[in-house]
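Working notes, structure below.
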Amino acid sequence: MNKKLSLLYKRYSIWLSAFIVIVLIILLAYAVYRSREKSIIDLFSFQQEIVSNQAASMIEGAIDRCEIKLDYLSRALNTSQRNNENMVQDFKNFYMETQDIVETVVDIDSNDIVRYAYPPEQSGDLIGKKIDDPEIMHALKKLENGRYQGGVNNFFALKGNVDPWLNKTICLGLPVYSRNDKYSGAVLALVSPQLLIRHSVLNKSSFIGEFWLIDDQDRIAYHPNSALIKKNFHELIPARKKGFNVSDDAKKYFIDNVIIPKNKPSTCIISYAPIRIGTSTWFIVMVAPYHKVQNLIASASRNIILGAFGLVIVVIVTAISIAQSDVKRLRLKEELKRLMEREEWQSKVLREKMTIDGIIEGSPVPTFVIDKNHKVILWNRACTDLTGFSSKVMVGTRNFYQPFYDTPRPLIADFIIDQNIEDFSLYYGEIKVKKSEFIEGAYEAVKYFKNLNGRGRHLHFIAAPIYNERGEITSAIETFLDVTKEVELTKSLQEYAESLQNELGENIRLNKETEYLYNYLGNIIDSLPDRIFDLSKDGIINFVSKQTIKGRDVETELKGKHFTEFVEPHHRDYVISKWENAQKGIFTPYELDVVTRKGEKRNLLITPSPVKGTDRYVLVQRDITEFKELEKKYYESQMLAAIGQLSAGIAHEVRNPLSSIKMSLQILEKRLQPEGNDLQRFKIAQREVEHLEKLVSEVLIYAKPLVPNKELSDMYSIIENALAMVEKSLKDKEIEVNRDFKTGFEAVNVDASMITQALINVFQNAVEAMENRGIMVVSLKDENGYAVIEVKDNGCGIDEKDMPHLFNPFFTMKNYGTGLGLSQVKKIIDQHGGVIKILSNRGEGTRFIIQLPKNDDI
């Protein structure tokens, strides 16, 4: 029973072990297959990226060549007469030299009308049509360096029978100038993307897959299937919505699904390279179906799969044999199994080596491999084509230096084999050998060889170590890439860039000087107090100074319109007559009364003038409202002065009769001693006579010139004297007077009698403005070299509308006043070089503030 259990246990163990071995073999085979597939796909993608860069360089070179020929054509048209045989021959020569990529060449006039096209048989229907694309015209009509390079768009918005290929071309354009450097038209070359790809790329490259051309708007400019042209790039590769990465350190290839015409996704290897067309960036895209690349490694993959299946079968057979045999033969079977596995692995390794050798031999990249002894073990066909040395001559020797150097010396692969990386400088001191960013342990460099297989070349070297299963370096692989075109193109671009930089710097300097001068002159014009209008001979506004006023864009409102549109209707006939006189050479200034948007009345002085050397005119608009107001005030002051002199004369004549009447009334009152109503009538007569005397005195004081007799005076005494003079009025209304005087106040240089008279008028006004039992506050203080007297009451206050007129002569709010009191106060304070202010609100009382300089120097 124990023996049966032991045998059964052993059989199950054998079967379980066999199953585990089979699973491990399958996983190992799959891992080896995926690893090989990934390495080969990466190598193919890198090669495809190089091909894409070469294709981009070819396309840019073809476009540059076409633009240079177009520049020759435009220069020839600048110096020749149009519509003659020479012009036709020039167009024909240009087309014959560029017909490999150009569909047609077009000549347009200054009005954007096509007047000639070549060849006539395929573009004759363009003649007489107008080009409406503003982008082309704006680029061509620039003052300096006008040119245009544009992409696959509807460049020609033409009506009628026009071939559809016009909307699928790349437009190159240069302006043509007349002998007086005036823009007279342009020449446009319409480049066919199909011809550009076919002649620049397809005829010069061998590759798997197909080329696409993508414009700067992510639309397909070229595709082998013409039905897909102008479709969006993202419609075919939906996962690439972020566009292409053009940074220098980015890999310019990826693997993604591509929508084929039947809307079935297919996995492809996609590489791309940027192309500069004008100021736009286009892309050349190379698309290779993934399954075609897989076919290259299909045989190796089949060998791996067959080997794995063979091992699985062997394991199964062995397991069956062991299960059927006794335990004694188990060890022999296991040993046989190990021997068979070793043979299979050796066979697999051999097949793998043969596969890798086949891939390297068929690779378009020049490659050789050296072993640990620095002997060549592989020299592929591309390396033979590059150097002129065959694999028969090189394999098994150490002479791989001969294609590059006259004397024996190590290459990068030798340093990697010997691990003497620090010795790079001994042989590569003039160039930089740097560590590869993509392959671990690899190094790369670029060097120029004067005579490599009969011609000078720039080569890009990259060498990497090959390890065994123990991580030891057993050999090294080195590849070469001919980058002569790229290096020469880079040098040309650098020289061109330097030239452009110098021209750009000069243009920037000139533009800054011009802009500074323009801004300076504009600031001068805008700083003038007058507004200036630049008018055409028809009266159209071309320019207006002070273009922005309080947030309004005045130039936008006025420019391009006739200036009479902004003249009020009742002035329009008058202004038109003045404009007609100006056109006849009569430039007479004239005035206008206008009303602003805010309802303000303004007086304007308009002065027309011609602009020398042109048929334009200038209108200078000056606001003379203030001058008019000053003129009006001057006439009013003259009138008031005359009235004052007349009033003074009348008052002087009336004063003596009033004194006689007053004296007579006093005498009659003493003699008659009236009582009752008679006494009251005497008092009324006397009071009215006193009122008339006061009125006459105020008129005389206002009319006669005031010349203050200044001397150092005590301001306390002046204020107290003025209060004493109005004491009767204060007592009649029971007014409370509060004094706020600063102690130790210095004497002030004033005319004491005049200041007293002014204060009496101020106090009297305050008393008359208050009701019975009012409060008046009088303060005196020193403030910044001024003696400040403030009189504050709690009376009825003053309306806001009356505030501006308080100091006007003959203005009064009293039924019996003359309106000369405050005018007299203002005149006295002005004579002393002081200031008087009145602060008041209706119903809130009034504050009189008098500021008198303490010294005459203030």
Listed pairs Lys69/Lys491; Lys231/Lys435; Lys292/Lys348; Lys182/Lys485 exceeding 31 Å between Cα atoms: Lys231/Lys435; Lys182/Lys485
Extension gain from Gln583 to Glu235, taking 0.36 nm per residue of separation minus the Cα-Cα distance: 118.7 nm
Accessible solvent surface per residue of the stretch 728-803, calculated while the other protein chains remain in place, 1.4 angstrom probe, Å²: 51 Å²
Electrostatic dipole magnitude of the stretch 62-139 [Cβ: Lys, Arg +1; Asp, Glu -1; Cα centre; debye, to 20]: 280 debye
Heavy-atom accessible area per residue - the stretch 359-400, 1.4 Å, Å²: 46 Å²
Cβ crowding within 10 Å averaged over residues, with 209-220, 515-526 ranked highest first: 209-220, 515-526
Pairwise label distance in nanometres, Tyr520 with Arg602, each label 7 Å out on the Cα-Cβ vector: 3.0 nm
Protein accessible area in the stretch 432-530, 1.4 Å probe - carbon and sulfur %: 55 percent
Listed residue pairs exceeding 26 Å between alpha carbons, taken from Lys252/Lys450; Lys742/Lys837; Lys781/Lys837: Lys252/Lys450
Full-stretch length increase - Lys733, Glu720 - with 0.36 nm per residue and alpha-carbon distance subtracted: 2.8 nm
Net lengthening on full extension, Val23/Tyr590 (0.36 nm per residue, minus Cα-Cα): 193.2 nm
Accessible surface of the stretch 380-421, 1.4 Å probe, proportion on carbon and sulfur as whole %: 47 percent
The stretch 487-530, accessible area per residue, ligands and nucleic acids excluded (1.4 Å, Å²): 86 Å²
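The values are calculated or read from the model by the stated rules, or taken from the named source; none is laboratory data. Computed from a predicted model, the values in this text were never measured in an experiment. Glycine gets a Cβ as well: all are built from the backbone with ideal geometry, and neighbour counts include every protein chain shown. In case anyone asks, the SASA skips ligands and DNA or RNA and just uses the protein heavy atoms, side chains included. Shrake-Rupley method; radii C 1.70, N 1.55, O 1.52, S 1.80 Å.
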